[in-house]
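One structure is given here, and the rest of the page talks about it.
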Amino acid sequence: MNATPSSNDFILQVEHLSMKFGGLVAIGDLSFQARRGEITALIGPNGAGKTTVFNCITGFYKPTEGMMTLNRNDGSTYLLERLPNHEIPARAKVARTFQNIRLFSGMTLLENLLVAQHNKLMKASGYTLLGLFGFPSYRQASAESIELARHWLEKADLVDRADDPAGDLPYGAQRRLEIARAMCTGPELLCLDEPAAGLNPKESAALNELLMGIKSTGTSILLIEHDMSVVMQISDHVVVLEYGRKISDGNPASVRTDPRVIAAYLGVDDEEVETVLTEVGDEDVIEQLDTGPDSAHGPGNTASMMAGPVSDSVEHANEGERVTVSKGASKAAQVDARAASVASKPQSAAKPAAKSGTAKAAPNKPAAKAPAAKAGSASKGKDTAAKPTAGKRGGRK
Amino acid sequence: MAATVSSERDAVATPIQRAFREALYAGAISLGLFVLFIGLRTDQNISNELILVQRWGLLALVVIATAVGRFLYVAYGQPFLASLKVADIDTGLLPETVAARFFRMPFFIAAVVIAALLFVLAGSLDGLLGPDLAGYARFVRALAIIYAVAWVMYYFRAFIHAHLSALGISALALYPVVVVLVLALMTGSMAGGFQGSLKWVDNFGIQILIYVMLAWGLNIVIGLAGLLDLGYVAFYAVGAYAYALLGTHFGLSFWILLPAAGCMAAFWGVMLGFPVLRLRGDYLAIVTLAFGEIIRLVLINWREVTNGSAGISGIPKVSFFGLMTFNVSDPNYIAKVLNIATSSAYYKIFLYYLILGLCLLTAFVTVRLRRLPVGRAWEALREDEIACRSLGINTTTTKLTAFATGAMFGGFAGSFFAARQGFVSPESFVFLESAIVLAIVVLGGMGSLIGIAIAALVMIGGTEALRELDFLKRVFGPDFTPELYRMLLFGMAMVIVMLWKPRGFVGSREPTAFLKQRRAVSASFTKEGHG
């Protein structure tokens, strides 16, 4: 998909990232890149796993599988999944904000920004010893840190309230302060988790300006956002997630017109989907119409012609892996299914041979590429990602 | 629903009627509460049998006192308090506050005169009034002095507020001198002054300052870093035993062992810190509590080293920086060197200044650390640990330094305690000590040095003052011991303060840096931490 340039063009490369919580697959085999100096937006419906991706990148979660490579401007490379939580901001220079704002509410705005410069000041204070005896080197570093804090307070338009407690700020200002605090760590990659959530249009515009200002200083930004006005205006690259899987990846214009994205956000007309899927012989739809138990998870009825292959249930048993969302939930997969049915219908209605053909008929389906790309995750990718899609349905026609 | 009905009825009833009704309720409740507590009492008779003593008269007194108290409060207290909030129609001014009415110039002059008169007559009081009335007279004198001091503090409150630290430190530095001089004047000789000062310097001064130091040390762990430590007394014990053992066995000087004891306590702080790093809140509290008990049980059971429950006695005294000693038999005994009369008060006064110096060291380090990145990280940890990690703060080392620093000051206080007592045993390091220190920190306001010092003064000084109320024996009979009511008063004080000021005496937080103006952060924004 990407003509892979030298890896140094990308500040962050996420490869085959998977995160499972017990049986729930929050992220399944996600790969994307964030270019240096660009704003990359990560969007998707609620529960798509965006925040989980952030938590993996910033070390709050250890991913189940996958590799996250961070290439710093000075050429050094860090594997984020191997760094301890607190070293990711300190050494790899990745800073983040939180969806539910996490400020030090009892400390003043200035103190919030000084805490962010902890590691720098810690060194300057000789790990407390020099600072305790009031050495001038620490005093100078302290004055510099206050200057940096003032700089970011001015950028965030908060300098008038510098000596107020952070908990006293209105919501929009708290959002800006959190970004300013993250910037005070001197990051090269800034991860923002829904910075525009709960902001009015005016505040949202001010936020856009702040983010563009940050971008102009050379800091790359990774952004989770629901507010499309923010995403479409400022981002250079958009990655769309649904149910933990990437369904689209590209510039804002191409993503906006991607039918899979539209389906994921707006849904597909139910009747249309149903007719199409019934025509294709989709097991899920038939099950739903029958209101019988899910054959893959319920008691095995292998005698039935409708049942899936035995390997299906065996694999489930082995890996303890379960997709808890209902099978037909993924709207993007429905779009794929429709495309597949359109492709396969003219040929013949019921042909086992169509199995592989239909799978290939969905060219932009990421999960379908997994078997070829990675043998290890092949069966898993098929099992979890491809199940509701045409690949398997074709086999049961 | 019930509440609305009763309030409607209240609106109809006059205050006096309502007061009657509420007095009846209060009396009934207190009767129900106290019938078994006060009305009946188990006792042993001469042949060691358990007997029930009935005390209906006392029960009636308590119930009547409750009812009358409720009546007075509802009938007169509440209308009075309400009237304070109503401004005068003509002038638009609020009425005088209770404090302003209470602290008036004539009252002040009267108090000073009474106190002075009773001081002058101090020696001849017993002869003039008899022992009964002399006890009351001394109590009146104490009240007059307290009133006069409170009056001064009330009228100079702005000045005191502005120069609190300087005034407090100078008052503490002058305290023994003033005590000795006043007592010398009263008894008419310097020797008498020194002898009489023992109680005031040792029981009040040193005792309170030890708790101030312990509470300031614990404040680092609880008030700043927000880690609820219920086993703080363990570090106190480590410091005390470190000095006691190394001092008695190896004859090392206090001035070497003080830092050593601090280091050892800090080491144990880290030892405790490691396993509890991942614990928060209640779980942390329970584990630290257990740690405190483990240390005490080790001290009891490791007889070969600690001499078990019998404790260690004969702990060497502190020397005056090696120049002079406080042992009468030594050739360089202070009285011989300075050519003054022998007295045990010199050692106590020296210890007073020593613990004062240690307290000031604790305060200085705490104030400094708060302005350093590590102190800010502690407070940030208290506010939000996850945000700390997202900013690259190593929460492991931050927590451990908090534990270690707090423990170090506990160790200093412990070694001082051993030097002062000359004897340590595990009995001094029970959980109750941890609880008292924690209560002082919470009452004072977590994170505030001044508030904690005031809380220690009130809690420890207040309970010590109970010993001075001997005249109450004449009221309640000879087997009445006011000290036994220590814990009751302690608990009452805590309940009252927590109702009146839920975040302690000084709940607001002083910011560690400012751009334009230093403004205290209201307690409603600061968090207590989750352990």
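Go through the stretch B:373-388 and count every residue that is in a loop (DSSP other than H, G, I, E, B) and more than 7 Å from chain A (Cβ to nearest Cβ).
The qualifying residues number 0.
What are the residues in the stretch A:116-131 that are free of Cβ contacts under 8 Å to residues at least 24 places away in the same chain, within 8 Å of chain B (Cβ to nearest Cβ), over 15 Å from A:A143 (Cβ atoms) and assigned to a helix (DSSP H, G or I), if any?
Residues satisfying the conditions are A:H118, A:M122.
Checking A:Y138 against (1) assigned to a loop (DSSP other than H, G, I, E, B); (2) at the interface with chain B (Cβ under 9 Å from one of its Cβ atoms); (3) more than 19 Å from B:N394 (Cα to Cα), which single condition isn't satisfied?
Going through the list (1) assigned to a loop (DSSP other than H, G, I, E, B); (2) at the interface with chain B (Cβ under 9 Å from one of its Cβ atoms); (3) more than 19 Å from B:N394 (Cα to Cα), A:Y138 breaks only (1).
Name the one entry in B:L438, B:L466 that is of a type outside the set (G, A, S), touching a residue at least 60 places away in the same chain (Cβ under 8 Å), in a helix (DSSP H, G or I) and away from chain A (no Cβ under 14 Å). It would help to see each step written out before you state the result.
On the way: B:L466 fails: touching a residue at least 60 places away in the same chain (Cβ under 8 Å).
After ruling out the rest, the residue left standing is B:L438.
It is to be established whether one or more residues within the stretch B:403-426 are touching a helix residue (DSSP H, G or I) at 6+ places or on another chain (Cβ under 8 Å), farther than 30 Å from A:C184 by Cβ, in a loop (DSSP other than H, G, I, E, B) and not hydrophobic (A, V, I, L, M, F, W, C).
yes
Quickly run through the stretch B:232-261 and pick out the residues that are under 27 Å from the mean Cα position of the chain (by Cα) and surrounded by fewer than 24 Cβ atoms within 10 Å (Cβ to Cβ).
B:A242, B:F254, B:L258, B:P259 - these are the residues of the stretch B:232-261 that are under 27 Å from the mean Cα position of the chain (by Cα) and surrounded by fewer than 24 Cβ atoms within 10 Å (Cβ to Cβ).
Identify, from the list B:R467, B:R486, the residue that is within 26 Å of B:I206 (Cβ to Cβ), among the basic types (K, R) and touching a Leu at 6+ places or on another chain (Cβ under 9 Å). Step through it out loud before you land on a result.
Numbers: B:R467 fails: touching a Leu at 6+ places or on another chain (Cβ under 9 Å).
Every option except B:R486 fails the conditions.
May I ask you to list pairs of residues, at least six apart or on different chains, whose Cβ atoms are under 6 Å apart, with the first in the stretch B:359-372 being more than 11 Å from chain A (Cβ to nearest Cβ) and the second being crowded, with 18+ Cβ neighbours inside 10 Å and part of a helix (DSSP H, G or I)?
So the pair list comes out as B:C359/B:L209; B:C359/B:V212; B:C359/B:M213; B:T362/B:M213; B:T362/B:W216; B:T362/B:F409; B:A363/B:L449.
I'd like to verify a number: residues in the stretch B:300-345 that are surrounded by fewer than 17 Cβ atoms within 10 Å (Cβ to Cβ), of a type in the set (S, T, Y) and modelled with pLDDT of 80 or more, how many?
The number of residues fulfilling the criteria is 2.
Of the residues that make up the stretch B:380-387, is at least one touching a residue at least 40 places away in the same chain (Cβ under 8 Å), farther than 30 Å from A:P89 by Cβ and not small (G, A, S)? Walk me through it before giving the result.
From the stretch B:380-387, those touching a residue at least 40 places away in the same chain (Cβ under 8 Å) are B:381-385; that's our starting set.
The next check asks that each one be farther than 30 Å from A:P89 by Cβ; those that pass are none.
No, the conditions are met nowhere in the stretch B:380-387.
Need a quick list: helices (runs of 4 or more DSSP H) entirely within the stretch B:156-270 having at least 2 residues that are at negative phi and in contact (Cβ under 8 Å) with a residue 60 or more places away in the chain.
Where helices (runs of 4 or more DSSP H) fall fully within the stretch B:156-270 and carry at least 2 residues being at negative phi and in contact (Cβ under 8 Å) with a residue 60 or more places away in the chain, they are B:164-187, B:190-198, B:207-219, B:233-250.
Give the residues of the stretch A:34-66 that are part of a strand (DSSP E or B), surrounded by 22 or more Cβ atoms within 10 Å (Cβ to Cβ) and over 11 Å from the mean Cα position of the chain (by Cα), sorted by residue number.
Of everything in the stretch A:34-66, those that are part of a strand (DSSP E or B), surrounded by 22 or more Cβ atoms within 10 Å (Cβ to Cβ) and over 11 Å from the mean Cα position of the chain (by Cα) turn out to be A:A34, A:I39.
A:D74 is checked against (1) without any contact (Cβ under 8 Å) to a residue 60 or more places away in the chain; (2) facing another protein chain (nearest Cβ under 7 Å) and fails just one. What number does that condition carry?
The single condition A:D74 does not satisfy is (2).
Just checking, how many residues over the stretch A:143-198 are more than 8 Å from chain B (Cβ to nearest Cβ) and free of Cβ contacts under 8 Å to residues at least 24 places away in the same chain?
The number of residues fulfilling the criteria is 8.
Residue-by-condition table, conditions (1) surrounded by 19 or more Cβ atoms within 10 Å (Cβ to Cβ); (2) at negative phi; (3) assigned to a helix (DSSP H, G or I); (4) charged (D, E, K, R):
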{"residue": "A:D163", "(1), (2), (3), (4)": "no, yes, no, yes"}
{"residue": "A:I179", "(1), (2), (3), (4)": "yes, yes, yes, no"}
{"residue": "A:E203", "(1), (2), (3), (4)": "no, yes, yes, yes"}
{"residue": "A:I214", "(1), (2), (3), (4)": "yes, yes, yes, no"}
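Determine the pairs where a residue that is closer than 13 Å to B:A67 by Cα and of a type in the set (A, V, I, L, M), located within the stretch B:28-50, has a partner that is at pLDDT 85 or above and in a helix (DSSP H, G or I) with Cβ atoms under 6 Å apart, the partner being 6 or more residues away or on another chain.
Hits for this filter: B:L31/B:V63.
What number of residues within the stretch A:98-109 satisfy the criterion of being more than 8 Å from chain B (Cβ to nearest Cβ) and in contact (Cβ under 8 Å) with a residue 40 or more places away in the chain? So that I can check it myself, show each step before the final result.
Step one: filter the stretch A:98-109 for residues more than 8 Å from chain B (Cβ to nearest Cβ), giving A:99-101, A:109.
If we keep only those that are in contact (Cβ under 8 Å) with a residue 40 or more places away in the chain too, we end up with A:99, A:101, A:109.
Here the count works out to 3.
Looking at (1) more than 7 Å from chain B (Cβ to nearest Cβ); (2) over 18 Å from A:A156 (Cα atoms); (3) part of a loop (DSSP other than H, G, I, E, B), which is the only condition A:E81 fails?
For A:E81, the failing item is (3).
Within the stretch A:158-212, which residues are under 24 Å from the mean Cα position of the chain (by Cα) and β-branched (V, I, T)?
Residues satisfying the conditions are A:I179, A:T185.
Could you check B:E427 against (1) crowded, with 18+ Cβ neighbours inside 10 Å; (2) of a type in the set (D, E, K, R); (3) modelled with pLDDT of 90 or more and say which number it fails?
With respect to (1) crowded, with 18+ Cβ neighbours inside 10 Å; (2) of a type in the set (D, E, K, R); (3) modelled with pLDDT of 90 or more, B:E427 is out only on (1).
Is it the case, given these coordinates, that B:G461 is in contact (Cβ under 8 Å) with a residue 40 or more places away in the chain, under 23 Å from the mean Cα position of the chain (by Cα) and within 13 Å of chain A (Cβ to nearest Cβ)?
no
The values are calculated or read from the model by the stated rules, or taken from the named source; none is laboratory data. Because the structure is predicted, anything quoted here is derived from the model rather than measured. Glycine also receives a Cβ, built like all others from the backbone with ideal geometry; neighbour counts cover every protein chain displayed.
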